[in-house]
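K.L.:
Below is one structure. I have some questions about it.
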Amino acid sequence: MDAYDAVVIGAGNGGLTASTALARKGLKVLLLERHNIPGGCATSFCRGRFEFEVALHQLSGLGTEAKPGPLRGLLSNLGVVGDLEFVEMSDLYRAVLPGVFDVRLKADRPKVLDELQSQFPGEKEAIARFFEMIYQFSSQMLNVVYFKDPEASREKYPLFFRYALRSSKEVLDEFFTDPLLKAVLSVYWGYLGLPPNRMAFAYLAILFFTYIEFKPFHIKGGSQALSNALVARFLESGGKVRFNCAARQIVVERGEIRAVVTEHGERIPTRAVVSNLSPVVTYLDLIEPAEAPPQTLTEMRGRSLSPSAFVLFMGLDCEPAEVGFTESTTFILSHTDITELPYNQLRELGSGSEILVMSCFNVADPDFSPKGTCQASLVTLKFGESWLRVPPAEYYKTKYRCADAMLRTAEKVYPRLRQHIEEVEVATPLTHMRYLGHPSGSVYGFEQHTKDSLFFQPGGGSPIRGLHFASAWTGDCGFQPTLEAGGAAARAVLRQLSA
C-alpha cells in the first residue's frame with residue numbers, strides 16, 4: 001500500500017477542513033470515512049420528497065462580504081466560499097414559555113435592546129449595561145485567548161479576569177432580578193449542553209457577540225453542501241478519499257505514528273494522523289494499550305461526556321406561516337429554572353417539559369424544500385445512558401412516546417403543527433451513537449464545565465508524535481469551532497513534517 005504524508009480518520013467538519021488544507025499545501029493525504037457520505041453531523045438524508053438537514057441550526061462566525069468573520073476567512077483559504085451560497089438569518093431567536101412570555105430577538109444590537117427593554121421595563125438599565133459588558137468582555141477575551149496578547153493582565157483586561165471563570169447564572173444574577181428575563185437570556189445553553197449554573201459565562205457572551213455582530217447564517221443545500229464542497233476541493237487538490245472504509249488500528253511504535261490499518265486489513269504507512277474521532281475511541285480502540293499515554297488516559301477519566309440529542313425531523317405540507325413559523329429558531333420552555341432541573345431532565349428519557357429548539361429553515365430560505373412545503377426539526381438534548389438502558393423490544397415504543405410528548409409541547413406554540421406533518425423521522429441518542437461512532441452518542445464531545453472550558457482545553461495535540469485531533473472533543477463544540485479545529489490540526493501537521 002502506498003505511503004501518505006498524512007491520513008485523516010473521519011470526514012466530519014474537522015477531518016474535512018484538515019484534509020483539504022493539507023492537500024492544498026501539496027501533501028499526499030488519504031481521508032478515511034466509514035460512512036458512505038462525508039460530513040458527520042454536517043450531512044442530510046432523504047425521506048419522501050424532503051432532504052432533511054441533520055444538525056446545522058445557525059452557522060456562526062461567517063459574517064458578510066463587507067464584514068467578514070473568521071469562518072469566512074477559513075473557508076476562503078480552503079477555496080470553497082465561491083462554491084457555496086449563504087443565507088443570512090435576520091433573527092437571533094424566539095423564546096417562548098406558553099402563556100407567560102413570547103420574546104423575539106433580531107440579530108441586531110439596538111433591536112435586541114428595544115425588544116428586551118419593552119418586555120422587561122423594570123430591567124431597562126440593567127439590560128443596557130449587560131450587553132455593553134458582553135461586548136467589552138468579548139473584545140477583551142478575543143485579545144487574551146485568540147490573539148494571545150503577551151502583555152495580558154488583570155489591569156489591562158479587567159472584565160475578562162472578572163468574569164471569565166464565572167458561571168452564566170452567577171453573571172445573570174449579578175445584573176438581573178427577573179427570573180423570566182434570565183430564562184430568556186440563557187436559552188443558548190441548548191447549543192452547548194450545560195445549563196447556566198454549570199456553563200462558563202464566556203460561552204454565553206461570545207455566542208451573543210458572534211451572532212449579533214457576524215449574524216447567524218444558513219447554507220443553501222444545508223450543511224451537506226458544505227461537506228460536499230470540501231470533499232470536491234480536497235479531490236481537486238490531489239487528495240484521496242475512501243468511503244465505507246473505517247480505520248481499525250493506528251500503528252504506534254516507540255511513541256511515534258507509523259501507519260494506519262483499515263478495516264479491510266490494508267496497512268497504510270504514514271507519519272501523521274489527524275483523528276476526527278473522539279480521543280476515547282482513538283486511544284482505547286485504535287491504539288495498542290501499551291502505546292496509549294497513561295497520563296492522557298488518566299486525564300480523560302476525569303472528564304464526562306456531553307449529552308446527545310433527541311430529534312424530530314419533520315416535513316410539512318404547507319408554507320411556514322400556515323403553522324406559525326415566523327422565526328428560523330425558536331426555543332420552547334416549560335419552566336424558568338436555570339439550575340439543576342434542566343440538567344436532571346437531560347438524564348430522563350423525555351417528557352416534553354425539557355427545553356426544545358424548533359428550527360424552520362424555510363423562514364430564511366424559502367427554497368429549502370419543495371414549493372408549498374417546509375421542513376423543521378424539533379430538538380432536545382439527552383444523555384445517552386438512559387437510552388442504553390431501554391430494552392431493545394421497548395425501543396420503538398419508547399422513542400415514539402417521547403416524540404409524541406415533544407410534539408404536544410410544541411403544539412402549545414404551533415397548534416396546527418401535527419395536522420400538517422407529511423414526513424417525520426425520529427433520531428435518539430442511539431441513532432447518533434450509530435452514525436457518529438461517539439460514546440453514548442455525545443454530540444458536543446466532553447462536557448465543557450468551567451474547568452474544561454476553552455481556557456483549559458488541551459487542544460488537538462497528543463503525547464504520541466504525529467497524532468493530532470480535530471473535533472469538538474479537544475476544543476469547543478459547534479460548526480465554526482470544529483471547522484476551525486481542522487485548520488489548526490493541519491497547521492500542526494505542517495509544523496511536524498517540516499521539523
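The values are calculated or read from the model by the stated rules, or taken from the named source; none is laboratory data. What you see is a predicted model, and the numbers here were worked out from it, not measured in a lab. All Cβ positions, glycine included, derive from the backbone under ideal geometry; neighbour counts span all protein chains shown. To get the accessible areas, we keep the full protein, side chains included, count just its heavy atoms, and leave off ligands, DNA and RNA. Shrake-Rupley method; radii C 1.70, N 1.55, O 1.52, S 1.80 Å.
K.L.:
So which residues in the stretch 367-392 are of a type in the set (A, V, I, L, M, F, W, C) and in a strand (DSSP E or B)?
P.N.:
Matches in the stretch 367-392: C374, A376, L378, V379, L381.
K.L.:
Residues of the stretch 54-74 being free of Cβ contacts under 8 Å to residues at least 40 places away in the same chain and assigned to a helix (DSSP H, G or I), which ones?
P.N.:
If the condition is that a residue be free of Cβ contacts under 8 Å to residues at least 40 places away in the same chain and assigned to a helix (DSSP H, G or I), then R72, G73 are the ones that fit.
K.L.:
Considering only the stretch 101-179, give the helices (runs of 4 or more DSSP H) lying wholly within it that have at least 3 residues that are more than 30 Å from K451 (Cα to Cα) and at pLDDT 95 or above.
P.N.:
Per the criteria, 109-119.
K.L.:
Among the residues of the stretch 272-300, write down those that are in contact (Cβ under 8 Å) with a residue 60 or more places away in the chain and hydroxyl-bearing (S, T, Y).
P.N.:
S275, S278, T282, T296 - these are the residues of the stretch 272-300 that are in contact (Cβ under 8 Å) with a residue 60 or more places away in the chain and hydroxyl-bearing (S, T, Y).
K.L.:
Can you name the residue in the stretch 301-315 that is touching a residue at least 40 places away in the same chain (Cβ under 8 Å) and not in a strand (DSSP E or B) and is also surrounded by the fewest Cβ atoms within 10 Å (Cβ to Cβ) among such residues?
P.N.:
S304
K.L.:
Limited to the stretch 35-86, what total is found for residues that are open to solvent by 10 Å² or more (accessible area, probe 1.4 Å), on the phi > 0 side of the Ramachandran plot and more than 17 Å from the chain's Cα centre (by Cα)?
P.N.:
Matching residues across the stretch 35-86 total 2.
Here is a yes/no grid of residues against (1) open to solvent by 10 Å² or more (accessible area, probe 1.4 Å); (2) over 29 Å from E256 (Cβ atoms):
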{"residue": "Y395", "(1), (2)": "yes, yes"}
{"residue": "D404", "(1), (2)": "yes, yes"}
{"residue": "T431", "(1), (2)": "yes, yes"}
{"residue": "E447", "(1), (2)": "no, yes"}
{"residue": "D452", "(1), (2)": "yes, no"}
{"residue": "G459", "(1), (2)": "yes, no"}
{"residue": "A492", "(1), (2)": "yes, no"}
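K.L.:
Can you find a residue in the stretch 189-196 that is surrounded by fewer than 21 Cβ atoms within 10 Å (Cβ to Cβ), out of contact with any strand residue (DSSP E or B) (no Cβ under 9 Å at 6 or more places or on another chain) and of a type outside the set (G, A, S)?
P.N.:
no
K.L.:
Test E422 against the stated conditions and say whether it is over 30 Å from G15 (Cβ atoms), open to solvent by 30 Å² or more (accessible area, probe 1.4 Å) and in contact with an Asp or Glu (Cβ under 9 Å, 6 or more places away or on another chain).
P.N.:
Taking the combined requirement at face value, the residue satisfies it.
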